[in-house]
1. Checking the structure you have, find out if any residue of the stretch 74-94 is farther than 21 Å from Ser123 by Cβ, assigned to a helix (DSSP H, G or I) and out of contact with any strand residue (DSSP E or B) (no Cβ under 8 Å at 6 or more places or on another chain).
2. Which residues, taken from the stretch 85-114, are open to solvent by less than 40 Å² (accessible area, probe 1.4 Å) and modelled with pLDDT of 90 or more?
3. Within the stretch 20-43, which residues are open to solvent by 40 Å² or more (accessible area, probe 1.4 Å), without any contact (Cβ under 8 Å) to a residue 12 or more places away in the chain and among the small types (Gly, Ala, Ser)?
4. If a residue has to be more than 13 Å from the chain's Cα centre (by Cα) and in a helix (DSSP H, G or I) to count, how many in the stretch 52-73 make the cut?
Amino acid sequence: MNAEDFRKLKHELRTPVNHILGYSELLLESAADAGDGNIESLAQQIQNNGQNLARVMEKGLIFTGSEAGDEAQLTTLRTSLLPLVQQILAVSAPGPDSPGMVGYADDLKKIHSAADRLISLIS
């Protein structure tokens, strides 16, 4: 993998993470405005996992120029990211008809879609 490929990969991974962070922030604000503590807690979980994803990626995606080193780094990164993404998928999965989810379904779907994209990129 050359430096340009590595840069593109970082960008491709960051984009869904930024979507997760942005939509979880919107969800958090909406829930706080509505006084909905359950959704606020759910949004905070998603946001915390999104922030952890961003930190892991920043620390784990440093181009070394060594093919073996870069591949090992990517393998470790995948292993570190997968549980965080799976947690986001699990908490963003409730359907729009679930009690208390009616006003939040669109943001949850967008978060879920971004997490699905991350899974496809790291698998």
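The values are calculated or read from the model by the stated rules, or taken from the named source; none is laboratory data. Treat the numbers as computed from the prediction; the structure is a model and nothing was measured. Cβ coordinates were reconstructed from backbone atoms using ideal geometry, including for glycine residues, and neighbour counts include every protein chain displayed. SASA here: full protein model, heavy atoms, side chains in, ligands and nucleic acids out. Shrake-Rupley method; radii C 1.70, N 1.55, O 1.52, S 1.80 Å.
1. No, there is no match, as no residue in the stretch 74-94 is farther than 21 Å from Ser123 by Cβ, assigned to a helix (DSSP H, G or I) and out of contact with any strand residue (DSSP E or B) (no Cβ under 8 Å at 6 or more places or on another chain).
2. The answer is Val85, Ile88, Leu89, Asp107, Leu108, Ile111, Ala114.
3. Ala32, Gly35, Gly37, Ser41
4. Number of matching residues: 10.
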